[in-house]
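*Asks:* A single structure is presented below for examination.
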Amino acid sequence: MRSVPKEVYALYDKLFRLREEVMTDGERLFAEWLPHIERRPFRFSALNLAYYLSVRCHDLRPLQEELVPLGLSSLGRSEARTMANLDAVMATLGRLCGKEDNLIDYPSSKWFFHGDRLLAHNTGLIFGSHAEHHTHIMVTLPTEAATDYKLVRNLLLAGTDTVRINCAHDDQTVWKAMLANLEKAKKETQRDCRIYMDLAGPKIRISQILFTGDEDKLYNGDTFFLARGNISDYPADAAGKIILTCSISIVFSALKEGDPVLIDDGKLTARVSLITEHGAYLTVAATKEKGFRIKSKKSLNFPDTSLDITPLTKKDHADLDFMIQYADSIGYSFVRNADDIRLLQKELKKRLGKKASSLAIIAKIETKDSVKNLPEIIMQAASKQPFGVMIARGDLAVEAGYHRLSELQEEILWICEAAHVPVIWATQVLETMVKTGMPTRAEITDASMSERAECVMLNKGPYIVKAVSVLVDILWRMKQHQYKKAAQLRALNIAIITVKKESSE
């Protein structure tokens, strides 16, 4: 029998020290969280999240490289079961090294997969228990869903599990008509469908535009003016430039020279060159070579400016009164930290009392602050009620930069899985297909990757029913091959054909 290489003993010692440190740090963090956890089932999830955050403080790449040649787990699928995965590796290494005095037991199968079951349970609480695939499908209802019953029925028949009503659009009369059509369609199709309603939140947009010169476009290097008050209240030397006003003037209390300002989802990037008592001069840093025609109501983003804006507007308070009567889950925009979650929980409790704990909150992660504070957001929300996260990829890309979107998306998926929190993959999924009836190659690949989330959101468009059908097919196929980051080793068609061909020869 071959002897065990010395490197394996050294590897065991490294992992043993890592395990001790992770347990110490993780349990210390969990002890801070425990007094605030009201939902008992979430305690296990909170502990696992604490362990996961502790282990991810380390660069595990050297250890992974040593584990792989031994045929052991590289710890790359430990999100839902951090300590169980580490213990399983340690148990095998300990037996290889003959560590009889300090041998770690293999985790039971029940404990090892407990996190996966919790994630499935939490997903069911929000999106329902039935899905032909791992991933549920959410569809934003267009205004015509209030009058076109056939559209709503066909969405359910195609595979929609949850409908989304965006309360930034339409009104309560339209929403009621949408919900009436949904109820009728559920009875006719015998399909369950959950209701998700989005709070509009404080949208920062261009309020007014004044062209004081001959040009109505902005080019790289141009300067324009963002007025603090009335659009006509601008300094004399701003004459001849394009003047804008902002829908939320409080931004000026935090705006600094050098801060970036993005317009229309990042189609134009400018920087604050000078701040005056009347407002701010901005210089265009990047836009299309042919220039950018600025329009009213387009978005304004201040990614590096710390804005103290409440995420609940007066409109949101009124909409909440409607939502609590119909919604299974409430989407919460511009969440930055745990205090923002407390604010919504307070308003829900004011309206529902103890019943507030059964209404799900979905936090839309769309800023750098919300990513940075994701663990505390999860703890505050999931410790009190069903909770999910939406990766609002459009706003997140604008706020954090497109080059960081993929990286942040991965981190959000990992942290949420560690906390057994379901994730909604949102923004531009099959967008071209929804609008034109034909998808691009790239968005088909994106749709297949969405299988890693618990829910995928499609936006409204003339070909939305067709897009749902296509997405169902993609998700069903991917289910055979992938779950989260783990490949599902179903027999490959190519392999079967090759083997049969060679055996027949």
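*Asks:* Need the full-extension length gain, residue 103 to residue 216, defined as separation in residues times 0.36 nm minus the C-alpha distance. One decimal, nm.
*Replies:* Contour length minus Cα-Cα distance gives 33.3 nm.
*Asks:* Then there's this: With the cut-off at 31 Å, tell me which of the pairs 355/435; 295/435; 110/346; 290/484 have Cα atoms farther apart than that.
*Replies:* Violating the 31 Å limit, Cα to Cα: 355/435; 110/346; 290/484.
*Asks:* I need the Kirkwood Rh of segment 222-285: take the reciprocal of the average 1/r across all distinct C-alpha pairs and report it in angstrom.
*Replies:* Hydrodynamic radius (Kirkwood, Cα pairs) of segment 222-285 is 11.7 Å.
*Asks:* Considering Cα pairs under 8 angstrom that are at least six residues apart, work out the relative contact order of segment 164-259 and quote it in whole percent.
*Replies:* 28
*Asks:* Where does the chain land at 222 nm, in deg cm²/dmol rounded to the nearest 500, when only DSSP H runs of n ≥ 4 count, each adding -39500 (n - 2.57), divided by all residues?
*Replies:* Per the formula, -13500 deg cm²/dmol.
*Asks:* Right, another one. Name the residues of segment 144-177 whose amide N is less than 15 Å from a point 7 angstrom out from the Cα of residue 321 along the C-beta direction?
*Replies:* Of the residues in segment 144-177, 172-173 have backbone N under 15 Å from the label point off residue 321.
*Asks:* Considering only protein heavy atoms and a probe of 1.4 Å, how much of the accessible area of the chain is carbon and sulfur, as a whole percent?
*Replies:* About 52 percent, which is the carbon plus sulfur part of the accessible surface.
*Asks:* Quick one: of the DSSP bridges fully inside the chain, what percent are antiparallel, nearest 5?
*Replies:* Roughly 45 percent of the DSSP beta bridges within the chain come out antiparallel.
*Asks:* Additional query: Just grab the label-to-label distance for residue 267 and residue 150, each label 7 Å out from Cα along the Cβ direction, in nm (one decimal).
*Replies:* Result for the modelled spin labels: 3.4 nm.
*Asks:* Starting at the first residue of segment 451-459, write each ³J(HN,Hα) from the Karplus equation 6.51 cos²θ - 1.76 cosθ + 1.60 with θ = phi - 60°, in whole Hz, x for Gly and Pro.
*Replies:* Here the 3J(HN,Hα) series is 4, 6, 9, 7, 8, 10, 9, 9, 8 Hz.
*Asks:* Less than 22 Å apart at the alpha-carbon level, and either on another chain or at least 8 residues along: which lysines does that give for residue 479?
*Replies:* Once the sequence-local lysines are set aside, what remains near residue 479 is 466.
*Asks:* Now for a separate question. So for the chain, taking the charge dipole from beta-carbon charges (+1 Lys/Arg, -1 Asp/Glu), which of 353, 204, 422 sits furthest toward the positive end?
*Replies:* 353
*Asks:* For residue 305 and residue 95, what is the calculated FRET efficiency with R₀ set at 60 Å and r taken between the beta-carbons, to the nearest 0.05?
*Replies:* 0.60
*Asks:* For the chain, what is the relative contact order in percent, using Cα pairs closer than 8 Å and at least 6 residues apart in sequence?
*Replies:* Normalised by residue count, the contact order of the chain is 15 percent.
*Asks:* Counting pairwise Cα distances across the chain, what percent come out greater than 34 angstrom?
*Replies:* Result: 47 percent of Cα pairs exceed 34 Å.
*Asks:* Another question, then. Pick out, from 90, 76, 50, the residue whose Cα sits farthest towards the positive end of the charge dipole of segment 36-92, with +1 on the Cβ of Lys and Arg and -1 on the Cβ of Asp and Glu.
*Replies:* Going by the charge dipole, the pick is 50.
*Asks:* Now, a different point. So, with +1 on the Cβ of K and R and -1 on the Cβ of D and E, and no other charges, what is the size of the charge dipole of segment 136-175 about its Cα centre, to the nearest 20 debye?
*Replies:* For this selection, approximately 160 debye.
*Asks:* Right, next: At what distance in angstrom do the alpha carbon centres of segment 427-476 and segment 133-181 lie from each other?
*Replies:* 16
*Asks:* Taking 41 Å as R0, compute the FRET efficiency from the Cβ-Cβ separation of residue 223 and residue 57 and round it to 0.05.
*Replies:* It comes out at approximately 0.35.
*Asks:* Take the Cα coordinates of segment 320-445, assign each an equal point scatterer, and use the Debye formula without solvent to give log10 I(q)/I(0) at q = 0.21, 0.22 Å⁻¹.
*Replies:* Computed log10 I(q)/I(0) values: -1.16, -1.22.
*Asks:* Determine the gain in length on full extension of the stretch residue 357-residue 120; use 0.36 nm per residue of separation and subtract their C-alpha separation, reporting nm with one decimal.
*Replies:* Value of the extension gain: 83.4 nm.
*Asks:* Please sort through the DSSP H helices of the chain and keep those with an alpha-carbon extent of at least 15 Å along the long axis and a Kyte-Doolittle average not below -0.5.
*Replies:* 42-55, 82-96, 114-127, 402-418, 464-479, 493-504
*Asks:* Same structure, new question: Taking H as built 1.01 Å from N, whose amide H comes closer than 5 Å to the amide H of residue 259, not counting residues under 5 places away?
*Replies:* It is 272, by chain and number.
*Asks:* Please give, to one decimal in nm, the separation of the simple spin-label points placed at residue 183 and residue 203, each 7 Å out from Cα toward the Cβ.
*Replies:* It works out to 2.8 nm between the two label points.
*Asks:* Treating the beta-carbon of each Lys and Arg as +1 and of each Asp and Glu as -1, no other charges, what is the dipole magnitude of the chain about its Cα centre, to the nearest 20 debye?
*Replies:* 1280
*Asks:* Efficiency by 1/(1 + (r/R0)^6): what FRET value for residue 441 and residue 288, r their Cβ-Cβ distance, R0 = 30 Å, to the nearest 0.05?
*Replies:* That pair, residue 441 with residue 288, gives E of 0.80.
The values are calculated or read from the model by the stated rules, or taken from the named source; none is laboratory data. Small disclaimer: the values here were computed from a predicted structure and weren't measured. Positions of Cβ are generated from backbone atoms using ideal geometry, with glycine treated the same way; all protein chains shown enter the neighbour counts. Accessible surface is based on the protein model in full, side chains and every heavy atom, while ligands, DNA and RNA are left aside. Shrake-Rupley method; radii C 1.70, N 1.55, O 1.52, S 1.80 Å.
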